[in-house]
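K.L.:
Below is one structure. I have some questions about it.
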Amino acid sequence: MHAPQGSPPPAPDECFAANLAALRSVAPGLAETLAAQAVPPTVQPTRGRDGTPTYLVTQPDGRRNWFGGTSMPTLSAPAILDRSEAGRESTLLPRIGSGMEARLLLERIEPHCAVFVYEPDPLQLALALRLHDLSGALADGRLILLGGPDLAAALLDFFAPHPAYEFPARVVRPPEFSTGQVQTIKAEVESAGRTVAGNQAAKALAVANALRSRIASDRSGPPRVAIVTVDPRPAACEDVRRLAASAEHMGWPAATCAPDHPARCHIVARLETIAHLKADLVLCCNTFGGRVEPFLPEHLRTVTWFGPAARLSAALSEGVPKRGLHLASTPYQAQVLREAGVPAERIDVLEVGVDALAITPLASDDPACAPFAGDVAILCDVADLRAASHVSEESQQRLFESILHAAPSWAETYVPDHAEGILAAAEQRCDRSLKDDRIRAGFIGLIRDVIAPSVLARLAVERLVRQGLNVRVWGDGWSLAQPLAQRHAGPVPPVEDRNRVYHAARAVLCPFFGALTARTVLEVIAAGGSVLCRQSDVPLPERHPQLADVLAAVPSYRRLSELPREIAPLLRAPDSEPDSAAVDARAALRAKVLAEHTLAHRLQVIHARVQAARE
């Protein structure tokens, strides 16, 4: 085997030094072992056939092999990971390979997951760290390097001081491993997993016993609130942090545990957060807290608050706690909880609140708003409307495409109650009928939850663009919505940037009723902006009775053709004379939101209900 033509790249000593520095902060013993590994003369730096830096390694018999068994790491690494479906859970790589596998997996894997890499040969590990800068993930604790002759022992050594990590649920099979080697790895991982699970359970019980031995705190002072979730979505983790900030702003001691990092995923992490704070109230957001309630003493009150985007089916799969108050953010959510068997006397409704610490008025010429400027802003996700992304059978794909083809007519007056009629019309056009009740109900749900919202959003953007307006959209899925992709400004931003969007846009449009519509409306009002909503089958004030006094004042439109007329009054030119009546009305509405519908107000309501339940 011959090396590719061209001069080889120099040994990346800077890369190795950065990796070692990061590794010393988390695993100093392994770092020193790797630092002692000199590159032998049999290892020749070169470039692979894909142009990436790698090595050619000369074997004792004179043969030369590519480092990690691949001449094209950028092609082989994705194939290895795709076969293992790696990326959704903490994952173990039983060998370092070319190093590209770990690097790519870190890019794919979700923030709450860790990548564990076991490599018994320190030279192989040292060589990989000369090729790939993994220092950030090493220092952050998302990449865990394991060495030594025994995989099970290496896993146990890591988890002994890190019980709050989740054990790797997936193992990537290296292509060079035989069936026997795979079985050996599997047995070692399963053995270590059983031991780690037992140790974690013992740790959780020890923390629980310490909590039970503590005397209930004095109720006369401010509550000490631990805010936790097991929902790993970035928006859910942000909600937890914003609630804690509002609590602390009121002088309430607060601590959070959200799975935004591998060390905050296991129940041990949540229990330790509660114990360290000496909490007297545990607020579980969007979920029941990952089965935390059985570990808590009777005097430590728990409240669950489901946000508008909560995944109730996932939460209910945890099992419903035997005590505690469960708050839904809409009457519909409360109904779902009751139908799932949650006792009605433990269910109540508490609508969303606005984060008044982050949503604040900004100066019109604030340079931070400039990147978000536009006439109309829309913040919502849309679906991939290719039929094959949602249905597999050819007959159902034809129905899907027929529904899309007819969208300009049914979207004009659409409300969710029309979904069944839209399907019936498509069946007639296609001469196809869904006779199975379950399949039919699923397709109607697909129209209501996926097709219609995405169609309404796309058609609204098209209509406004034809009016010559600069429309900018934030959310997932828009990059596939040709030719509207050029309007896409990125995913729905975190709250601080949403505040800038509300100030930079002349108006904000909610083109369909979605889970986050009420939150968006409250935020725009609190920012002092203008917002327009499309009506649904049930008016917004009826969907959100606790917000009725605010939502009733928000302008809306019923038909798509009415959109240009209804949004025009909101698009006042920056240099025009302001309408004093409209300005006063907007200021009064904002004052009402800030007085009654902030996160701080919602926390005060939760605390009052807990206090009342104790008496």
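The values are calculated or read from the model by the stated rules, or taken from the named source; none is laboratory data. All figures in this text were calculated on a predicted structure; none of them were measured in a lab. Ideal geometry is used to build each Cβ from the backbone, glycine not excepted, and the neighbour counts take in all protein chains shown. Just so you know, the surface numbers come from the protein's heavy atoms only, side chains and all, with ligands and any DNA or RNA stripped out. Shrake-Rupley method; radii C 1.70, N 1.55, O 1.52, S 1.80 Å.
K.L.:
Name the residue farthest towards the positive end of the dipole of the chain from the options S98, A505, G141, assuming +1 on Cβ of Lys and Arg, -1 on Cβ of Asp and Glu, about the Cα centre.
P.N.:
Of the listed residues, the answer is G141.
K.L.:
Can I ask one more? How much accessible area per residue does the chain have, in Å², with a 1.4 Å probe?
P.N.:
Using a 1.4 Å probe on heavy atoms only, each residue of the chain averages 45 Å².
K.L.:
Using P(r) over Cα pairs in 20 Å bins from 0, in percent as the read-out, say which of (1) 13, 18, 14, 13, 11, 10, 8, 7, 5, 2, 0; (2) 17, 41, 35, 7, 0; (3) 17, 34, 16, 11, 12, 9, 2, 0 was calculated from these coordinates.
P.N.:
So the structure-derived entry is (2).
K.L.:
If the reach is capped at under 29 angstrom between alpha carbons, list the lysines near K322, excluding any in the same chain fewer than eight residues apart.
P.N.:
Correct list for K322: K203, K278.
K.L.:
Please figure out what share of the DSSP beta bridges in the chain is antiparallel and state it in percent, rounded to the nearest 5.
P.N.:
The answer is about 15 percent antiparallel.
K.L.:
For the chain, what is the mean residue ellipticity at 222 nm derived from helices alone (per DSSP H run of n ≥ 4: -39500 (n - 2.57); sum divided by total residues; nearest 500 deg cm²/dmol)?
P.N.:
Calculated mean residue ellipticity at 222 nm is -13000 deg cm²/dmol.
K.L.:
Something else now. Just the number, please: carbon plus sulfur as a percent of the accessible area of the stretch 349-426, 1.4 Å probe, no ligands or DNA/RNA counted.
P.N.:
Ligands and nucleic acids excluded, carbon and sulfur give 52 percent.
K.L.:
Of all accessible surface on the stretch 58-140 at a 1.4 Å probe, what whole percent is carbon and sulfur?
P.N.:
The computed percentage sits at 48.
K.L.:
Multiply the residue gap between Q183 and A515 by 0.36 nm, knock off their C-alpha separation, and tell me the result in nm, one decimal place.
P.N.:
The span from Q183 to A515 would gain 114.9 nm if fully extended.
K.L.:
Another question, if that's okay. What's the carbon and sulfur percent of the stretch 455-543's accessible surface, probe 1.4 angstrom, rounded to a whole number?
P.N.:
47
K.L.:
With +1 assigned to the C-beta of every Lys and Arg and -1 to the C-beta of every Asp and Glu, and no other charges, what is the dipole magnitude of the chain about the Cα centre in debye, to the nearest 20?
P.N.:
About 500 debye.
K.L.:
How far apart, in nm, are the 7 Å Cα→Cβ label points at E401 and L357?
P.N.:
So the two model labels end up 5.2 nm from each other.
K.L.:
Before anything else, pin down the relative contact order of the stretch 285-394: Cα pairs under 8 Å, at least 6 apart, normalised by residue count, whole percent.
P.N.:
20
K.L.:
Straight-line reach only, C-alpha to C-alpha below 20 angstrom: list the aspartates and glutamates that K186 could link to, leaving out same-chain residues fewer than 8 apart.
P.N.:
Leaving aside aspartates and glutamates fewer than 8 places away in the same chain, those within reach of K186 are D82, E85, E89, E101, E119, D121, D150, D157, E166, E176.
K.L.:
Roughly what angle does helix 452-466 make with the longest principal axis of the chain, taking Cα atoms, 0 to 90 degrees, to the nearest 10?
P.N.:
Around 70 degrees separate the two axes.
K.L.:
Explain nothing, just the number: dipole magnitude of the stretch 539-615 about its Cα centre with +1 on each Lys and Arg Cβ and -1 on each Asp and Glu Cβ, in debye rounded to the nearest 20.
P.N.:
Rounded to the nearest 20 debye, it is 360 debye.
K.L.:
Report the charge-dipole magnitude of the stretch 60-206 in Debye, nearest 20, computed about the Cα centre from +1 at each Lys and Arg Cβ and -1 at each Asp and Glu Cβ.
P.N.:
Taking the Cα centre of the stretch 60-206 as origin, the dipole is about 140 debye.
K.L.:
OK, next. Once you keep just the Cα pairs under 8 angstrom separated by 6 or more residues, what percentage relative contact order results for the chain?
P.N.:
Reported as a whole number, the value is 10 percent.
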